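Everything below concerns the one structure shown next.
Where a number appears in this text, it was derived from the coordinates with a stated rule and is not lab data. These numbers were taken from a predicted model, which means no experiment stands behind them. Every residue, glycine among them, receives a Cβ derived from its backbone with ideal geometry; neighbour counts consider all protein chains shown.
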Amino acid sequence: MRVLGIAGSPRRGGNTDLLLAEVMRGAASSGAEVKTITLNEMTIAPCQHCDGCLETGRCKVEDDMQMVHTELMKADRLVLASPVYFMGVTAQTKAMIDRCQALWVRKYILKLPASGSRQVERKGLFISVGGTKSANLFQPAVATVKSWFRTLDVSYAGELLFPGVDEKGAIAKHPDALHQAFLAGQGLVE
Ligand SMILES: Cc1cc2nc3c(=O)[nH]c(=O)nc-3n(C[C@H](O)[C@H](O)[C@H](O)COP(=O)(O)O)c2cc1C
């Protein structure tokens, strides 16, 4: 089972990074093949709505997103980690999601499977933290991620959402967040 982790925060070693690492460790401990990509280290231009993907389901913009598309289609499990930025996901994460318009075309226009030729049930997990405890803190980000998962034929199988976590690495002081993340990684692949 292949698990793809996507780190959406620009802060290396930050809160969502730590949670993602534990999820991936949990998944690996249950025998999964794991791979993590860090969006901030990639060149992923925002979608230009050029409609270049309309006939082929392939994005015409040649940058690192081509590799991400391949990884997204190969994965059996997806783990997306993004902190809340102005009530949504980070710009890095949203650029990656918007570039999946080409996969939206594959699914809804070309009627092609989102996971290549395989007929596996795909599941996904969303990890997020926010510095405040605002009402509905995660609601917009969760809506975005659910919409993205649906396009990829990935079921929204779980979430790890921690409000009130702001300083870099503060999640490590939470009584059991990292343990919850490890268990969620195990559970995702069992
Ligand atoms: C540009 C920016 C926007 C942010 N917007 C919000 C917000 O809308 N609500 C909130 O609770 N925290 C917000 N935060 C705080 C982050 O969510 C918080 O620091 C989080 O722990 C960062 O996670 P990371 O360590 O994984 O990068 C924002 C931080 C930045 C830099």
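Yes or no: Gly88 surrounded by fewer than 19 Cβ atoms within 10 Å (Cβ to Cβ) and closer than 27 Å to Glu62 by Cα? Can you show your working first?
Details: surrounded by fewer than 19 Cβ atoms within 10 Å (Cβ to Cβ): yes; closer than 27 Å to Glu62 by Cα: yes.
Criteria met by Gly88.
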Does Glu190 qualify as being loosely packed, with under 13 Cβ neighbours inside 10 Å, out of contact with any strand residue (DSSP E or B) (no Cβ under 9 Å at 6 or more places or on another chain) and without any contact (Cβ under 8 Å) to a residue 12 or more places away in the chain? no
Filter the stretch 138-176 down to the residues that are in a loop (DSSP other than H, G, I, E, B), within 15 Å of the ligand (Cβ to nearest atom) and touching a residue at least 24 places away in the same chain (Cβ under 8 Å) and list them by number. Phe138, Pro163, Gly164, Val165, Asp166, Lys168, Gly169
Just to be sure, is Ala135 assigned to a helix (DSSP H, G or I), within 16 Å of the ligand (Cβ to nearest atom) and surrounded by fewer than 22 Cβ atoms within 10 Å (Cβ to Cβ)? no
